[in-house]
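First the structure, in the form of structure tokens, and then the observations on it.
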Amino acid sequence: DYNWVYRQALIRNPTEPVKTETGEWYERDVYMYQNPGRLIDETNGERRTQETRLNGSVTLSPVRDFNFKLLVSGNKLNNLTGYSENFNYSSTTGRRGYASRGTRLIQNSLMEFTTDYSKSIKDHHFTLLGGYSYQYDVTEGFSGNNSNFPTDLYTYNRLQAGDALTLQNGPVGLSSDKSDSRLIGFFGRINYNWNDKYLLMGRGRHEGSSKFGKNNHWGVFPAVSVGWRIDKEGFMKNVSFVNDLKLRAGYGVTGIAPSD
């Protein structure tokens, strides 16, 4: 992990030698404290990341002030990691080299459909919006590690060559995982203002998440707020040093899904 090398370089005492008089790496028996020179010379690692983002939307206005909108987006993230220790580095643990390799895929997909309607009647202005959203997230990965190799030239590109995999004489391991979740929502919102002075907003969401138990998937989250554009009042016309002043109060209920 290159972040670990940077950390060791930052916290290291600059007056300490890199190597001893006999040519060995200078190390101190201190927790989370290693020689960054040794890490650079005797370990190897990489992390390759490829990310693809796609999104698009279509809006249809069949009649005046009435809009239908469809939004679709997707994000795909691929990570490939590798790490290895040569014979010199791992000799202190009694093994001949160590290497690991892993992959991880993260995908997020979103589809949202909304309908909105706007209307103005003299000093009264209001907007209505309703919609549906569907979100799907999936994360999966695989990793393996092995040790006791015939040579340290393979680094992390030939894990099967380590004796620990067949002879069980050193660190070895395999792991894989996958998790996914869905979030579905139905929502609506109304915005109203009179003469651009007095504002009212009300909204509600009915959402369901697969991260919760069978009998607790769904929840209702309402919210309401009122506002007063004080700077629009007549008694503020002569107050030149104020160009935007608004008083707002609101109340709402929100929720949060647990992390993976």
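The values are calculated or read from the model by the stated rules, or taken from the named source; none is laboratory data. These numbers were taken from a predicted model, which means no experiment stands behind them. Because the Cβ atoms are built from the backbone with ideal geometry, glycine has one as well, and the counts that use them run over all protein chains shown. Side chains included, ligands, DNA and RNA excluded: accessible areas come from the protein's heavy atoms. Shrake-Rupley method; radii C 1.70, N 1.55, O 1.52, S 1.80 Å.
Filter the stretch 62-93 down to residues that are part of a strand (DSSP E or B), more than 27 Å from the chain's Cα centre (by Cα) and over 30 Å from PHE149 (Cβ atoms), then give me how many there are.
5
Could you check ARG189 against (1) loosely packed, with under 12 Cβ neighbours inside 10 Å; (2) touching a Gly at 6+ places or on another chain (Cβ under 8 Å); (3) closer than 30 Å to TYR132 by Cα and say which number it fails?
Among (1) loosely packed, with under 12 Cβ neighbours inside 10 Å; (2) touching a Gly at 6+ places or on another chain (Cβ under 8 Å); (3) closer than 30 Å to TYR132 by Cα, the lone unmet condition for ARG189 is (1).
Could you tell me how many of the residues in the stretch 203-221 are surrounded by 13 or more Cβ atoms within 10 Å (Cβ to Cβ), basic (Lys, Arg) and over 24 Å from GLY130 (Cβ atoms)?
1
Just one of (1) closer than 30 Å to GLN135 by Cα; (2) touching a Ser or Thr at 6+ places or on another chain (Cβ under 9 Å); (3) of a type in the set (D, E, K, R) trips up GLU51, so point out which.
The one condition GLU51 does not meet is (2).
Can you find a residue in the stretch 52-61 that is surrounded by 13 or more Cβ atoms within 10 Å (Cβ to Cβ) and part of a strand (DSSP E or B)?
Keep residues of the stretch 52-61 that are surrounded by 13 or more Cβ atoms within 10 Å (Cβ to Cβ), which gives none.
Within the stretch 52-61 (the criterion being surrounded by 13 or more Cβ atoms within 10 Å (Cβ to Cβ) and part of a strand (DSSP E or B)), the answer is no, since none of the residues qualifies.
Do you know which residues across the stretch 128-175 are farther than 21 Å from GLY45 by Cα, open to solvent by 40 Å² or more (accessible area, probe 1.4 Å) and in contact with a Phe, Trp or Tyr (Cβ under 7 Å, 6 or more places away or on another chain)?
Listed by number, the residues that qualify are LEU128, TYR132.
Can you tell which of THR43, THR93, THR59, THR52 is among the polar types (S, T, N, Q), in contact (Cβ under 8 Å) with a residue 24 or more places away in the chain and over 17 Å from GLN8 (Cβ atoms)?
When all the criteria are applied, what remains is THR52.
Taking the stated definitions as given, is LEU200 surrounded by fewer than 12 Cβ atoms within 10 Å (Cβ to Cβ) and either over 30 Å from GLY102 (Cβ atoms) or out of contact with any Phe, Trp or Tyr (no Cβ under 7 Å at 6 or more places or on another chain) (or both)?
No; evaluated as a whole, the condition is false for this residue.
Any residue in the stretch 152-178 that is farther than 16 Å from TYR89 by Cβ sitting within a Cβ distance under 7 Å of a residue that is surrounded by fewer than 17 Cβ atoms within 10 Å (Cβ to Cβ) and of a type in the set (D, E, K, R)? List the pairs, counting only those 6 or more apart or interchain.
These pairs meet every condition: ASP177/GLU140; LYS178/GLU140.
How about the stretch 8-51: which of its residues are part of a helix (DSSP H, G or I) and under 30 Å from LEU105 (Cα atoms)?
Those that are part of a helix (DSSP H, G or I) and under 30 Å from LEU105 (Cα atoms): GLN8, LEU39, ILE40, GLU42.
Starting from the stretch 231-260, take each residue that is closer than 15 Å to ASP196 by Cβ and list its partners that are open to solvent by 100 Å² or more (accessible area, probe 1.4 Å), counting only C-beta distances under 8 angstrom and pairs at least six apart or across chains.
ASP231/ASN243; ASP231/ASP244; ASP231/LYS246
Conditions first: (1) more than 22 Å from the chain's Cα centre (by Cα); (2) of a type in the set (Ser, Thr, Tyr); (3) open to solvent by 40 Å² or more (accessible area, probe 1.4 Å). SER225 passes all but one, so which condition is the exception?
(3) is the only condition that SER225 fails.
Just need a number here: residues in the stretch 88-107 that are more than 28 Å from SER179 (Cα to Cα) and open to solvent by less than 60 Å² (accessible area, probe 1.4 Å).
Result for the stretch 88-107: 5.
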